[in-house]
Amino acid sequence: MLSDELESRDGSLKLVFTTRDGFHYHDAVFYDEEQDKNKAVIASGVGCPVGCVFCMTRVMPFIRDLRKWEVRDQAVACVRCYSKLKKPEAQSRIVFAGMADCCINRKNTVPVMDEFSFLGHQIGVHTAGIPGHFEEALQDFRSLTSKDLFDLRISLQFLGKDRERYMRGTGGYPVEVVIRLAYDFCQEIGKQLWLNHTLFKGYNDSWLYLKAVAKLAKRWAGVGVKLSPANPCGRFVSSAPEVFRMWQTYLEDQGIPFRRITKSYGADIDATMGRTNPLFCTPGELREAVLGAEYAL
């Protein structure tokens, strides 16, 4: 059930939910001026089992997957909050990219995707590609009745051994396999595949990393790269503006479709995903998150 609502200075909202067994999870709701859409970024679980070391959600213990009715109720609550945004009539986009990876909890998330896409809401899935779950999730996505309103994005972030090191839940699953499977699925439903890449200063923003990402994207025709700044988490901070410009120039010169997120929302209320509000973790966990992730590396 919805237990709290926080409003940012920029007009975005953070919705806090409390389960019947007393646990908390949260969603973000905002009007995206760049895309002219109202967006709800919703959770799939209480905590996250993936354990990406650059994400503050990892300091929360993973409790459980959300049940189907909990996934549905949060989506309903988010959509109702569109009336409080700058442009209530804008196209709705519900993004399964909050706490936890929705492919892990596909039995409870995919039916809700189907219900809301049938009602005319765009559905976005952002996933790292979790072994043992991603292939099965793709099969479930094929059963959606309104696939024209559905799109899939792969959370890239790291390559090779770095991916296993910093995104532990991927279990060394080759990102090339994840992209190939996702690309084949997107070809089936007539959609473009995008690789989401968050630039972390000194970790995945070098010239060599840029060339590797470009080479990877060019293996499949039409695959695009979407860059975004990082929400600070310990020593993982966002790259400088000139690094973003370098990436954009090179990717565009290579003929790779490119997008860049230039505006963030809800930072003053920790409403963006990948951040943890002190309400949801112990002082020790919060201190560890603030000081950095060195011990976990």
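Worth a mention:
- Matching option when the condition is touching a helix residue (DSSP H, G or I) at 6+ places or on another chain (Cβ under 9 Å), in a loop (DSSP other than H, G, I, E, B) and more than 19 Å from Gly129 (Cα to Cα), among Asp21, Asp10, Asp27, Asp4: Asp10
- Exactly one residue out of Arg219, Arg180, Arg165, Arg153 is farther than 20 Å from Val50 by Cβ, among the basic types (Lys, Arg), in contact (Cβ under 8 Å) with a residue 12 or more places away in the chain and in contact with a Phe, Trp or Tyr (Cβ under 8 Å, 6 or more places away or on another chain): that is Arg180.
- Every pair of residues 6+ apart whose Cβ atoms lie under 7 Å, when the first sits in segment 1-29 and is of a type in the set (Gly, Ala, Ser) while the second is buried (at least 16 other Cβ atoms within 10 Å of the Cβ) and in a strand (DSSP E or B): Ser3/Val16; Ser3/Phe17; Gly11/Tyr31; Ser12/Ala28; Ser12/Val29; Ser12/Phe30; Ala28/Lys14; Ala28/Val41
- Of the residues screened, Ile130 is not one that is touching a strand residue (DSSP E or B) at 6+ places or on another chain (Cβ under 7 Å) and either outside any helix (DSSP H, G or I) or β-branched (Val, Ile, Thr) (or both).
- Apart from one condition, Gln192 fits all of (1) out of contact with any Gly (no Cβ under 7 Å at 6 or more places or on another chain); (2) among the polar types (S, T, N, Q); (3) outside any strand (DSSP E or B); the exception is (1).
Residue-by-condition table, conditions (1) under 17 Å from Cys102 (Cα atoms); (2) touching a Phe, Trp or Tyr at 6+ places or on another chain (Cβ under 7 Å); (3) crowded, with 23+ Cβ neighbours inside 10 Å; (4) at pLDDT 95 or above:
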position	(1), (2), (3), (4)
Val16	no, no, no, no
Asp21	no, no, no, no
Tyr25	yes, yes, yes, no
Lys37	no, no, no, yes
Arg58	yes, no, yes, no
Ile63	yes, yes, no, no
Arg67	yes, no, no, yes
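The values are calculated or read from the model by the stated rules, or taken from the named source; none is laboratory data. Computed from a predicted model, the values in this text were never measured in an experiment. Positions of Cβ are generated from backbone atoms using ideal geometry, with glycine treated the same way; all protein chains shown enter the neighbour counts.
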